[in-house]
Amino acid sequence: MKRSLALAGVTALVGSALVATAASTSAAPSQPQPTEAQAVSRSDSLISTRPAAIVAAGGESYTAYRTKVDADGDAHVRYTRTYRGLRVYGGDFVVHTDASGALTGTSVGLAAPLTLATTPKVTGATALSAAKARFEGTRTANDQPELFVDASTGRGRLAWETVIHGWAPDKQTPSHLHVITDAITGAHIGEYDEIEAVAGTGAGVYSGTVAVETTLSGSTYSMIDPLRGNGRTCDMNNGTSTCTTFTDADNTWGTGATTSRQSAAVDAHFGAATTFDYFKNVHGRNGIFGDGRGVPSRVHYGNAYVNAFWDGSQMTYGDGSGNAKPLVSLDVAGHEMAHGVTENVVSGGLTYSGESGGLNEATSDIFGTAVEFYADTTSDPGDYDIGEKIDIRGTGAPLRYMYNPTLDGSSHGCWSTSTNSVDVHYSSGPGNHFFFNLAEGTGATAYGTSPVCGNAPAVTGIGREKAEKIWYRALDVYFTSNTRYVSGTTPANTSRAYTLSAATDLYGLCSTEYKTVQAAWTAVNVAGNDLECPVTNDFSVAADPATVTLDPGTSATVTVTTASVNGEAQTIDLTASGVPAGVTAVFSAPSVTAGETSTLTLTASEDADSGQYTVVVTGTSPVTVRRANVALTVNGLPGCSGGNTSDVAIPDNTTVESTVVINGCAGNASASSTVEVHIVHTYVGDLAVSLVAPDGTVHPLRSRSGGSADNIDATYTVNLSAEVADGAWKLRVQDAANLDTGYLNSWSLNL
């Protein structure tokens, strides 16, 4: 069900962070399973009372997009977000509650509340012209540019989205190109085509002799599946417009050879039916769209068309080179239709670029493989090769290899900082490799040898069936549109974190399955801040509130609660780290016994460094360490200047930020604003330095100049007259090379 909820005037974020808590040692009374409507109502109420849990801001409203209630009463409500009336791409989130309606967690893609202005400086007409210039095929139409908030990176910026319709350069593949343009600067942000395709050459007819469900009308059978939502298979007659449903007089279809036009139709019809059955029987999903509708399949598309694609509503298959090699293999069918599942489960789908696009492609590879195993045919037995039947390279080699993605020469088998910048079919590699390790393990297997990345320990797999369920559960109730492998801005919005949550739901916290998920991600170089598994005499730590704002010369308190998880209650020593210069952190009780609380007082001096920080509350017992985070904002003194002297390390190939919060500077900044920067680094030619305004506008200060010189000690004059002065200003420093490292020593801003 869909409904809207508005928070018109959120002026302060209150509430606590969401942390895992130990189960009570006494049995709680059973709770009745909520209806979907009750689950949405409860989630709406929680959003209103705990906006910090969804990183809320004033002027936002939320619409329940999809609701799932588990058998035990746990509920998961997906929401879309608008900001001052504008759609927020990447602002989607999931609220998780237990059977009693208590909040147990959220999946959120935003790193911080939205604070941007919503008046564009670049017109929609300019954005349309820019989008048309980027279209490489034959344009037939365009949609009017839509002003929206692009939060796909975790931070919001005002942008135009323009959709150009037409044909790709091959004049046969339809194209719906989405071009994103910065509405403040006019810069090109990115683009993606909603036509999701796999290209290759065919290798004949693949499924062999199989049963196909058809419909009889009079004395004529039609290739319409009445058991699976009337999904039909039709003949494009090697054109690109009209499609005629296949019919037959005796219900015996095809010959197994491409000389019969029905043979490719049998493969496509069987692929659609098998994919439908797989998702329904294995994951309880009623078809690709979740509503019982069947999938239309179009075969013999185009002339010698070496491609197959999903366009959001149907499958289309070309006949390949010379119209003799149809691309209707089972894993291709499952792969493409899995795109349909992804875009219908996750609001907006997984953004089709960078790491989220890689996870999108990995999801399709995973379920395409799963469908192939599920069918269990002798003609096309299950394996972890993608597109092995369609012979994309003409050498008999598969399109991709899940057990060792690097074998295709382009895919990443291990995550690195460059994974986000490659084509999505290649950034799928770490996800594919993870899934193989989770299912089959590392080293030599019956399906191929899976290497580990770096010095990661070997992995013993838990079996394909469990691995499939974990991935589907993560997609179904945890993934958001901008989920990544690794995220510096939103560390909780990652595939590792969400598959661990899925493993916990299905098999229990710190079960063998949970630990194998951890090991399988580590084996592909994807690390995370996981909940540590309980040990003897374990405990938990929580902080409330988890979001604190301090003005200079003020204090705030945080209640630190501990609880005994199992065994005997231990003595816990409490410390706080990540505290910026000029801020003190004092516990009322530096040592407590598990089950007791302590009050943490955070005090900002008059000259405290303004900015945004994460204060880590650490509890240490004789047997283990547990942590909780507090998001701290320190406002600057009233006026138009501020500085930050807290050191920030700048590792290789990494982007870091430091914040100065300007508070009480009326109106816009000056045309002659200055930024003073002090960076210690042994090769400044590696560095790009920018100032980021509160609305997300980026003002470049320096771009990899200076060669091998040491250190940056410079003052930059910037015209910031178009920017509102008050808000959180960030200095962004990117190290774009290897070998040399350093740190941001200090910086200041005078507006």
Per-residue HN-Hα couplings for the stretch 301-310 [Karplus 6.51, -1.76, 1.60; θ = phi - 60°; Hz; x = Gly/Pro]:
8, x, 10, 6, 7, 9, 6, 8, 8, 10
If we count every other residue with Cβ under 14 angstrom of THR603's Cβ, Lys/Arg +1 and Asp/Glu -1, where does the sum land?
-4
Please determine, in degrees from 0 to 90 and to the nearest 10, the orientation of helix 261-283 with respect to the longest principal axis defined by the Cα atoms of the chain, where the helix direction is its Cα long axis.
40
Along the stretch 236-242, what does the Karplus equation 6.51 cos²θ - 1.76 cosθ + 1.60 (θ = phi - 60°) give for ³J(HN,Hα), rounded to whole Hz, x for Gly and Pro?
7, 6, 6, x, 10, 10, 8
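Relative contact order for the stretch 121-161 using alpha-carbon pairs under 8 Å, separation at least 6, rounded to a whole percent?
36
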Counting only heavy atoms of protein chains, what accessible area per residue, in Å², does the stretch 212-330 have with a probe of 1.4 Å?
37
Pairs of alpha-carbon atoms within less than 8 angstrom and 6+ residues apart define the contacts here; what relative contact order does the chain have, in percent?
8
Could you work out the local net charge near ASP652, counting Lys and Arg as +1, Asp and Glu as -1, over the other residues with Cβ closer than 11 Å to its Cβ?
-3
Students often forget the sequence filter, so: which aspartates and glutamates lie under 19 Å Cα-Cα from LYS515 once same-chain residues fewer than 8 apart are removed?
GLU440, GLU465, GLU468, ASP505, ASP530, GLU532, ASP538
Taking R0 as 22 Å, what's the FRET efficiency between ARG293 and HIS176 from their Cβ-Cβ distance, rounded to 0.05?
0.55
Cα-based Rg then Dmax for the stretch 107-166, in Å, read 13.9, 40
Which angle between 0 and 90 degrees, to the nearest 10, do you get for helix 495-507 versus the longest principal axis of the chain when only C-alpha atoms count?
70
Under 5 Å between amide hydrogens, which residues at least 5 positions from GLY105 or on another chain qualify, with H placed 1.01 Å from N in the peptide plane?
HIS96
For LYS325, counting only lysines whose alpha-carbon sits under 16 Å away and dropping same-chain residues fewer than eight positions off, the answer is LYS389
Quick one: if the Förster radius is 35 Å, what FRET efficiency do THR244 and ALA125 give, using the C-beta to C-beta distance and rounding to 0.05?
0.25
Taking amide H atoms as placed 1.01 Å from N in the peptide plane, list the residues 5 or more away in sequence, or in a different chain, whose amide H sits under 5 Å from that of TYR206.
none
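Can you work out the accessible area per residue across the stretch 483-596, with the rest of the protein chains kept in place, probe 1.4 Å, in square angstrom? If you can, show how the numbers build up before the last one.
Numbers: 4640 Å² over 114 residues.
With all protein chains present, the stretch 483-596 gives 41 Å² per residue.
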Over the stretch 567-661, what relative contact order in percent results from Cα pairs under 8 Å that are six or more residues apart?
27
Between SER219 and THR597, what is the spin-label point distance in nm, taking each point 7 Å from the Cα along the Cα→C-beta axis?
8.4
Tell me, which longest segment in the chain has none of the trypsin sites (Lys or Arg not before Pro) that fall in DSSP loops with at most 16 further Cβ atoms within 10 Å?
394-703
For the stretch 562-571, 3J(HN,Hα) per residue [Karplus equation, 6.51 cos²θ - 1.76 cosθ + 1.60, θ = phi - 60°, Hz, x = Gly/Pro]:
10, 8, 7, 8, 7, x, 7, 5, 9, 7
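The values are calculated or read from the model by the stated rules, or taken from the named source; none is laboratory data. All values reported here derive from a predicted model rather than from experimental measurement. We place every Cβ from the backbone using ideal geometry, glycine too, and count neighbours over all the protein chains shown. These accessible areas exclude ligands, DNA and RNA; they are computed on the full protein's heavy atoms, side chains included. Shrake-Rupley method; radii C 1.70, N 1.55, O 1.52, S 1.80 Å.
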